[in-house]
Amino acid sequence: MTAFGLRAAVGSDSRFLTDMVVEAANWNPSASRQRVSVLADPDYTRYVTGWQRPSDAGVVAVDSDGVPVGACWFRLFPTNAPGHGFVAVGVPELILGVSPIWRAQGAGRALLREVVSIARTAGHARLTLSVERGNHAADLYRSEGFVTVATPVSRDTMVKNLR
């Protein structure tokens, strides 16, 4: 496994987090969407617009040179502008993205575990996410204690209890 480190996501990471939203949206190489198409969709941009709000938190994985290679973060959404995995007001939704050459090397799991820890420390009782069916990341989420609570058209909403 290649070495990587983790650091807190900060306001100046918004561009990289945007890159990771595009990576997360394009998990399936045979159904890849152009960056401009992903970023024209408010269902994706809501995960990064205005980063870093007071309730936003996350981590960035960096290689041995300090170059970002992945990120996982969470946000709170209102009922009138929910994310893909919205379950309730006050339940943060996470998003995870890892650069393709860094996938399957442990970065995603390390990022996910750290964000779960941050959410728990912040006093959140649950953490939610949405994953498209067929995405292998669902196996990671299940192995880390997320369970499917809803199955909209082509996605699953998963929740992890933090208490």
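The values are calculated or read from the model by the stated rules, or taken from the named source; none is laboratory data. Keep in mind that what you see is a predicted model, and the values were worked out from it rather than measured. Counting neighbours? That spans all protein chains shown, and the Cβs are built from the backbone with ideal geometry, glycine included. With ligands, DNA and RNA removed, areas are computed over all heavy atoms of the protein, side chains included. Shrake-Rupley method; radii C 1.70, N 1.55, O 1.52, S 1.80 Å.
When DSSP beta bridges are restricted to pairs lying wholly in the chain, around 95% turn out antiparallel. Residue-wise HN-Hα couplings along region 83-89, as the Karplus relation 6.51 cos²θ - 1.76 cosθ + 1.60 with θ = phi - 60° gives them from phi, are x, 4, x, 4, 10, 5, 4 Hz; Gly and Pro carry x. Between Glu144 and Asn161, the modelled label-to-label distance comes to 2.0 nm, taking each label 7 Å out from Cα in the direction of the beta carbon.
Computed over protein heavy atoms with a 1.4 Å probe, the carbon and sulfur contribution to the accessible area of region 82-163 reaches 53%. GNM remark for the chain: springs join alpha carbons under 10 Å apart, and the peak mean-square fluctuation among Pro78, Pro29, Pro92 falls on Pro29.
Relative to the Cα centre, the charge distribution of region 64-163, modelled as +1 at Lys and Arg Cβ and -1 at Asp and Glu Cβ, gives a dipole magnitude of about 240 debye. Hey, if you put +1 on the Cβ of every Lys and Arg and -1 on every Asp and Glu Cβ in the chain, which of Val149, Phe74, Ala8 ends up farthest toward the positive end of that dipole? Value computed over the given set: Val149. From the Kirkwood radius over Cα pairs of region 1-153, Stokes-Einstein at 25 °C and 0.890 mPa s returns a whole-number translational diffusion coefficient of 157 µm²/s.
The label-point distance for Ala81 and Val67, in a model that sets each label 7 Å from Cα toward Cβ, rounds to 3.4 nm. Estimated at 0.36 nm per residue, the fully extended path between Asp43 and Thr151 surpasses their Cα-Cα distance by 37.2 nm. The listed residues Val149, Val159 rank as Val149, Val159 when sorted by accessible area, largest first, using a 1.4 Å probe. For the chain, the residue among Ala88, Ser117, Ser55 whose Cα projects farthest onto the positive side of the dipole built from Cβ charges is Ala88. In terms of its C-alpha gyration tensor, region 77-144 has an oblate overall shape, because the principal axis ratio a/c (a ≥ b ≥ c, square roots of the eigenvalues) is not below 1.5 and a/b does not outweigh b/c.
Taking amide H positions as modeled 1.01 Å from N, with prolines and chain starts lacking one, the residues under 5 Å from Arg126 and 5 or more places away or on another chain are Leu162. Oblate is the label for region 1-81. Its Cα gyration tensor axes, ordered a ≥ b ≥ c, give a/c of at least 1.5 and b/c at or above a/b. Within region 92-163, the GluC sites (Glu not before Pro) that combine a DSSP coil assignment with at most 15 other C-beta atoms in a 10 angstrom radius are Glu144. In this label model, Ser14 and Ile101 are separated by 2.8 nm, measuring between points 7 Å along each Cα→Cβ vector.
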